[in-house]
Amino acid sequence: MNEASLLDRVRVVLTRTSHPGNIGGAARAMKTMGLSRLVLVNPQVFPSDIATARASGATDVLDGAQVVGSLEEALSGTVFSAAMTARRRELSLPMQWSREAASTVAGYAGQGDVALVFGNETSGMSNEELALCHLPVMIPANAEYSSLNLAAAVQILCYEMRMACQARPEAPDGAGVPASFDEVEGFYGHLERAMVDSGFHDPANPRKLMQRLRRLYGRVRLEKEEVGILRGILSALQRKVD
């Protein structure tokens, strides 16, 4: 695939954005690097004249923006997602720096839609939001002053994506088709139900069990056929218990 085709598969997802100016700034950052697919999760204010002004002509990106009610909806249909975070988290998947991560994301873009996910300006991404993504990503900023404006962070990642897509990366190792976000989330839901039904998992005392299992399977990067096998095993075990 050529560079433009790969970039067309990249969604920039902004979650719970509080200031509309940052949405406009993100749209401008995207357009300068050839990205156009903006998804907004529960923005506090949108549409907005402030966003339009800050977009500086990238109004086509704003006009095409999709507004959704949850990160799950924003990631529906993707095969890979990378989440920007300013700090390492307990039980999170192994982190990559932004340049390395862009190459990883570009590789998956050869197989389907991918997403770059950015959190709220003040609080960033919640642990629950981060758990929905495959890869935590950090920007190697000055450790003594690492504060980045949201639009600036979007600009950096969009630049790195453009450079990575120009390199036309190879698809990830292995011939299997990666499982979509919806398929993986379906598996996690099935797994949790099976564990509850068997008595192994008590939702009232979760002990971070699902977070740990997400981390385990997230490292593997499940393929479509593997999800089918795992869900088949769960269904067979459930019938055995019944």
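Annotations
- Among the residues of the range 81-116, those that are among the charged types (D, E, K, R) and in contact (Cβ under 8 Å) with a residue 60 or more places away in the chain comprise ARG99, ASP113.
- Pairs are defined by a Cβ separation below 8 Å, a sequence spacing of at least 6 or placement on different chains, a first member in the range 193-210 that is touching a residue at least 40 places away in the same chain (Cβ under 8 Å), and a second member that is open to solvent by 80 Å² or more (accessible area, probe 1.4 Å) and assigned to a helix (DSSP H, G or I); the pairs so defined are ALA194/LEU237; ASP197/VAL241; SER198/LEU237; SER198/VAL241.
- Residues of the range 189-208 classified as part of a helix (DSSP H, G or I) and under 28 Å from the mean Cα position of the chain (by Cα), total: 8
- Pairs, first at negative phi in the range 117-130, second in a loop (DSSP other than H, G, I, E, B) and open to solvent by 40 Å² or more (accessible area, probe 1.4 Å), C-beta under 7 Å, six or more apart: ASN120/ARG16; ASN120/SER18; GLU121/SER18; GLU121/HIS19; THR122/SER18
- Pick from the range 99-114, criterion closer than 21 Å to MET30 by Cα and assigned to a loop (DSSP other than H, G, I, E, B), ranking: modelled with the highest pLDDT: ASP113
- Test set (1) within 19 Å of LEU7 (Cα to Cα); (2) within 19 Å of the chain's Cα centre (by Cα) - GLY64 fails condition number: (2)
- Test: residue in the range 134-149 that is touching a residue at least 24 places away in the same chain (Cβ under 8 Å), aromatic (Phe, Trp, Tyr) and surrounded by fewer than 19 Cβ atoms within 10 Å (Cβ to Cβ): no
- The range 183-208: number of residues that are among the aliphatic types (A, V, I, L, M) and surrounded by fewer than 16 Cβ atoms within 10 Å (Cβ to Cβ): 2
- When every residue of the range 164-173 is checked against the conditions, at least one turns out to be at pLDDT below 90, touching a Gly at 6+ places or on another chain (Cβ under 7 Å) and small (Gly, Ala, Ser).
- Scoring ARG87 on the criteria (1) at pLDDT 95 or above; (2) over 13 Å from the mean Cα position of the chain (by Cα); (3) open to solvent by 20 Å² or more (accessible area, probe 1.4 Å) leaves a single failure, condition (1).
- Applying the condition of being under 16 Å from the mean Cα position of the chain (by Cα) and in a loop (DSSP other than H, G, I, E, B) to the range 115-158 and asking which residue is nearest to ALA26 (Cα to Cα) yields GLY119.
- Extreme residue, least open to solvent (accessible area, probe 1.4 Å), among residues of the range 209-242 that are at pLDDT below 90 and not in a helix (DSSP H, G or I): ARG221
The values are calculated or read from the model by the stated rules, or taken from the named source; none is laboratory data. Not measured: the values here are computed from a predicted model. Here Cβ is always computed from backbone atoms with ideal geometry, including for glycine, and neighbour counts include all displayed protein chains. In case anyone asks, the SASA skips ligands and DNA or RNA and just uses the protein heavy atoms, side chains included. Shrake-Rupley method; radii C 1.70, N 1.55, O 1.52, S 1.80 Å.
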